[in-house]
1. With segment 14-127 as the region, which helices (runs of 4 or more DSSP H) entirely inside it contain at least 3 residues that are modelled with pLDDT of 95 or more and out of contact with any helix residue (DSSP H, G or I) (no Cβ under 7 Å at 6 or more places or on another chain)?
2. How many residues does segment 485-504 hold that are within 23 Å of Lys436 (Cβ to Cβ), open to solvent by 20 Å² or more (accessible area, probe 1.4 Å) and touching a residue at least 60 places away in the same chain (Cβ under 8 Å)?
3. Output the qualifying pairs, or none if there are none: Cβ atoms under 9 angstrom, residues six or more apart or on different chains, first residue in segment 15-39 and over 25 Å from Thr495 (Cα atoms), second residue modelled with pLDDT under 95 and of a type in the set (Lys, Arg).
4. Can you tell me which residue within segment 352-366, out of those that are in contact with a strand residue (DSSP E or B) (Cβ under 9 Å, 6 or more places away or on another chain) and surrounded by 17 or more Cβ atoms within 10 Å (Cβ to Cβ), is farthest from Trp92 (Cα to Cα)?
5. Need the failing condition index for Gly461 against (1) modelled with pLDDT of 95 or more; (2) more than 30 Å from Trp68 (Cα to Cα), just the number.
6. Please specify each residue of segment 278-298 satisfying the condition of being within 16 Å of Ser386 (Cβ to Cβ) and surrounded by fewer than 22 Cβ atoms within 10 Å (Cβ to Cβ).
7. Looking for something farther than 29 Å from Asn61 by Cα, open to solvent by less than 10 Å² (accessible area, probe 1.4 Å) and at pLDDT 95 or above - is there at least one such residue anywhere in segment 474-484?
8. Just one of Asp123, Asp160 is of a type in the set (Asp, Glu) and under 29 Å from Ile86 (Cα atoms); which is it?
Amino acid sequence: MHPVSNNIFILSIKSMAKMTLTIDEMATFCKRKGFVYPNSEIYGGLKGFFDYGPLGVEMKNNLKADWWKTHVTQRDDVVGIDGSIITHPTVWVASGHVGSFADLMITCKECKEKIRADHFLEDELKIAADGIKAPEVNELIKKNSLKCPNCKGDFQEVEDFNLMFQTNVGPKKDAKSIAYLRPETAQLMFTNFRLVQENMRLKLPFGIAQMGRAFRNEISPRAFLFRCREFEQMEIEYFIHPDEVDKCPWLKEVEDYKVRIYDACMQKDKTDSKKMSMKEALDKKIIKTPWHAYWLATELQWFEKLGANTDNFRIRQHIDTEKSHYALDTWDLEYNFPFGWKELQGMANRTDFDLSQHIKHSKTDLSLYDEETKKKIVPYVVCEPSQGVDRAFLVFMFDAYTTRKDEKGSEVVVLKLHPKLAPFKVAVFPLVNKLKEQAKELYDKLKIELPTLYDRSGSIGRRYARADETGVPFCVTYDFDTEDDKSVTIRERDTGEQVRVKIDKLAQTLNGLVNGKLKFSNL
Ligand code: GAP
């Protein structure tokens, strides 16, 4: 392999610029390039539902595959399950969702428009309304004379709206056949806890992971993929011995890792977030358990490993009024979206809430026998890293979106997705149409090795631009010299640099570049 001598195709990528798109512009880009479409658009669409297009499905699958590999298959202490979407309705009574999985809703007396109360107050009064209670909502509406944005009518008193999607199982539609689409994947890890522990002979501490669809009848779905009614989650319930809250064997791995932290006190005192190491946060008792510190850092490291910019992340502790009914302490991994800092991943300390509830409601013993104390214990979920796939997808898209000027001075999008996430890893081009058969033959061989595109229409510059826009990290050009030197040119998306590589080493080289075992600059 040697650097290409002829540099006619080297594009100037030096002027690459980071672009800040609005969420609507990102939705338009995703639709235009085949990443995500509004659902059933030909019928006017359905709010809160989206379809992933040909590029989006590949990228989403890559994201999920890497999450599973990192969190399950590469770990000794986590195993996976794949539970059903509809489950016995008592599961959701025991978990507390039937009783209290609700958002506050305000309804206009005139036009009957229904709006999520905390979002409405945030938009109208520019305040943080996370976890706000009903009396406060009524008071703020009255004090500020807030009216319906649709018809300027007055509001009724605020009420709870349960987010569970209800359905009926079987042919009879009565109270006995009511069931729910799961609002989180989590509960299946608790209902299957005993079987999984026995089958896999797991010893505490251990985790059970699951990824899959979740459904919430959000009052006001908004911000594209950020708040949908159907979405996917990747979750882990991490179980420990209740007496070992302070013993995390892997803390050392993350102790020096620095993260921007925004705890409950900083929020109360209205001070800025602070960047500090996990060790400092634990020493100062800002983060209370080493487990929480370990999982918070580990989760941020996953985003960093896949190319996200850590400057756009912080971890924020829930204030008392916003904690879920099951949580002792919750931290969110937040991302600085164009519409502000928002939750990307929730990490709650659920204690023994869920297992105890299922023991009570199912009358089944889900405890474990502690050999040391010779007593039964109900394990604690010390941390539940709960990640939305669609929000992670958005983060990688925002952090990857850059632009450059082409040789004519026009702006070209360069989607700098990590090669592991990129829908297609390689694009093969014949330099001119005359070489199309040879190039197609090369493409046919390469696509067996890794996801590859073939493109022969338009100028070579136009083909590079098309590949850049959809995040293809490497382009391979079959040119006039290929017949003689049995080599092709590989061009790297992020630098525009090119090298010539022997065809018989091509698949191996490209695989090495994609999985990070080879560096382009070292070729
Ligand atoms: N089992 C805990 C749980 O479900 P959550 O904070 O309600 O906790 C976890 O949800 C994650 O699921 C969120 O951090 C977010 O990434 C994703 N998520 C929740 N609601 C969502 C929605 N309506 N649309 C898209 N993603 C959502």
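1. Numbers: elements: 23-32, 54-68, 89-94, 97-100, 117-125.
Counting at least 3 such residues, we get 23-32, 54-68.
2. Residues meeting the conditions: 2.
3. Once the first residue is over 25 Å from Thr495 (Cα atoms) and sits in segment 15-39, its partners that are modelled with pLDDT under 95 and of a type in the set (Lys, Arg) give Ile23/Arg222.
4. Going through segment 352-366, the residues in contact with a strand residue (DSSP E or B) (Cβ under 9 Å, 6 or more places away or on another chain) turn out to be 352-355, 365.
From what's left, surrounded by 17 or more Cβ atoms within 10 Å (Cβ to Cβ): 352-355.
On the way: Asp352: 16, Phe353: 13, Asp354: 11, Leu355: 13 Å.
Taking the candidates together, the pick is Asp352.
5. (1)
6. Matches in segment 278-298: Thr298 only.
7. yes
8. Values: Asp123 fails: under 29 Å from Ile86 (Cα atoms).
Checking each option against the conditions leaves just Asp160.
The values are calculated or read from the model by the stated rules, or taken from the named source; none is laboratory data. Nothing here was measured: the structure is a model prediction, and the numbers come from that model. Using ideal geometry, Cβ is built from the backbone for each residue, glycine included, and neighbour counts are taken over all protein chains shown. Keep in mind that these areas ignore ligands, DNA and RNA; they rest on the heavy atoms of the full protein, side chains included. Shrake-Rupley method; radii C 1.70, N 1.55, O 1.52, S 1.80 Å.
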